[in-house]
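Asks: This is the structure I have questions about; it appears just below.
The values are calculated or read from the model by the stated rules, or taken from the named source; none is laboratory data. What you are looking at is a predicted structure, and each value in this text was computed from that prediction instead of being measured. Note that each Cβ is placed from the backbone with ideal geometry, even for glycine, and that neighbours are counted across all protein chains shown.
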Amino acid sequence: MIRSNRRSVLKSGAAMAGLLATGFPSIVRAQAGAIKIGHLTPLTGFLGALGDYAVLGIKMAEEEINRAGGVMGRPLEVMSEDSVNPATAAIKAQRMLDQNGAAFLMGEISSAPAIGAGFALTLCCDILVASQEAVFAMPEIDVGMAGGVKFLQRHFSPSKSRWLMLSGERLPAAELYRLGVIEACVPAAELAAAAGKMAATIAAKSPVAVKAIKDSFDMVESMSLRDGYRLEQNKTVDLNRTSDAREAKRAFIEKRMPKITGA
């Protein structure tokens with residue numbers, strides 16, 4: 001059983017690194033020096049053994065790519081951190097982006113069920129990708145308790161939110177994909193590669209624009225339509241003055257990939 005899990009993790013790690021090497025040259029042009037990847041995975045607790053395999057797989061892929069000359073002549077550098085504690089994991093993630101120069105982050109939680117608070121934490125993520133084995137539920141009703149309505153209302157219809165809270169029904173990842181709650185539902189062995197592909201797509205964009213868009217999503221939810229639109233238009237005006245925006249416009253006219261600098 002352990003050997004099977006190990007092969008799956010190593011396969012997904014190698015696939016992710018190969019994808020970065022061949023599919024997203026704009027990331028390479030956007031950075032100087034090593035291409036840094038932030039990797040969050042459980043390294044302690046009962047999931048620590050699985051996290052160790054994830055790190056091993058990513059490191060083996062990194063070494064293989066670097067022995068072959070890196071990505072367009074530049075080495076990969078993977079930084080792994082423990083993600084067991086959500087509060088400290090968030091701090092580590094921000095540090096890797098702001099201080100350690102990571103181009104993007106990727107991570108795994110596990111193939112275990114996302115139940116109750118675990119489901120709520122999952123719904124806090126910006127973009128969701130799940131393995132086909134994953135299961136989600138809000139079963140508090142089964143023990144005479146409640147909680148999580150606000151999280152469900154952001155992703156499900158009023159009827160579905162009420163049914164999930166009042167029934168405690170468990171939903172497979174395939175059903176969440178059908179409902180449009182998650183972006184992809186893939187075999188467990190392909191999960192890291194799928195998440196890496198999405199992260200690489202975002203990392204190729206202007207980090208200034210990415211931050212502005214994420215801030216907008218976080219801020220407009222509690223605003224009126226008028227105030228939310230005004231906030232976004234102000235951000236658009238500010239973004240139009242950035243070097244990245246000017247470079248992107250020139251690249252579009254010249255029919256080439258933009259050289260994003262984050263300025």
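Asks: Give segment 193-221 a look and list any residue that's in contact (Cβ under 8 Å) with a residue 60 or more places away in the chain and of a type in the set (Lys, Arg), or say none.
Replies: Lys197, Lys214
Asks: Now, a different point. Kindly establish whether Ala103 is under 30 Å from Ala200 (Cα atoms) and not assigned by TED's automatic domain parsing to the domain that holds Glu81.
Replies: Answer is no for this residue.
Asks: Keeping to segment 217-263, report how many residues are in a helix (DSSP H, G or I), hydroxyl-bearing (Ser, Thr, Tyr) and surrounded by 17 or more Cβ atoms within 10 Å (Cβ to Cβ). Walk me through it before giving the result.
Replies: Step one: list which residues in segment 217-263 are in a helix (DSSP H, G or I), which gives 217-220, 225-240, 243-254.
Remaining after also requiring hydroxyl-bearing (Ser, Thr, Tyr): 229, 236, 243.
Narrowing the set further to residues that are surrounded by 17 or more Cβ atoms within 10 Å (Cβ to Cβ) leaves none.
Within segment 217-263, residues that are in a helix (DSSP H, G or I), hydroxyl-bearing (Ser, Thr, Tyr) and surrounded by 17 or more Cβ atoms within 10 Å (Cβ to Cβ) number 0.
Asks: Just wondering, is there one or more residues in segment 131-150 that are assigned to a loop (DSSP other than H, G, I, E, B), β-branched (Val, Ile, Thr) and surrounded by 14 or more Cβ atoms within 10 Å (Cβ to Cβ)?
Replies: Within segment 131-150, not a single residue is assigned to a loop (DSSP other than H, G, I, E, B), β-branched (Val, Ile, Thr) and surrounded by 14 or more Cβ atoms within 10 Å (Cβ to Cβ).
Asks: Going by what's in this entry, would Ala195 be described as part of a helix (DSSP H, G or I) and closer than 22 Å to Ala54 by Cα?
Replies: yes
Asks: Yes or no: Asp52 within 19 Å of the chain's Cα centre (by Cα), surrounded by fewer than 19 Cβ atoms within 10 Å (Cβ to Cβ), among the acidic types (Asp, Glu) and at pLDDT 75 or above?
Replies: Details: within 19 Å of the chain's Cα centre (by Cα): no; surrounded by fewer than 19 Cβ atoms within 10 Å (Cβ to Cβ): yes; among the acidic types (Asp, Glu): yes; at pLDDT 75 or above: yes.
Against the criterion (within 19 Å of the chain's Cα centre (by Cα), surrounded by fewer than 19 Cβ atoms within 10 Å (Cβ to Cβ), among the acidic types (Asp, Glu) and at pLDDT 75 or above), Asp52 does not qualify.
Asks: Considering segment 106-165 alone, what residues qualify as being over 22 Å from the mean Cα position of the chain (by Cα) and among the hydrophobic types (A, V, I, L, M, F, W, C)?
Replies: Met138, Ile141, Val143, Met145, Ala146, Val149, Trp163, Leu164, Met165
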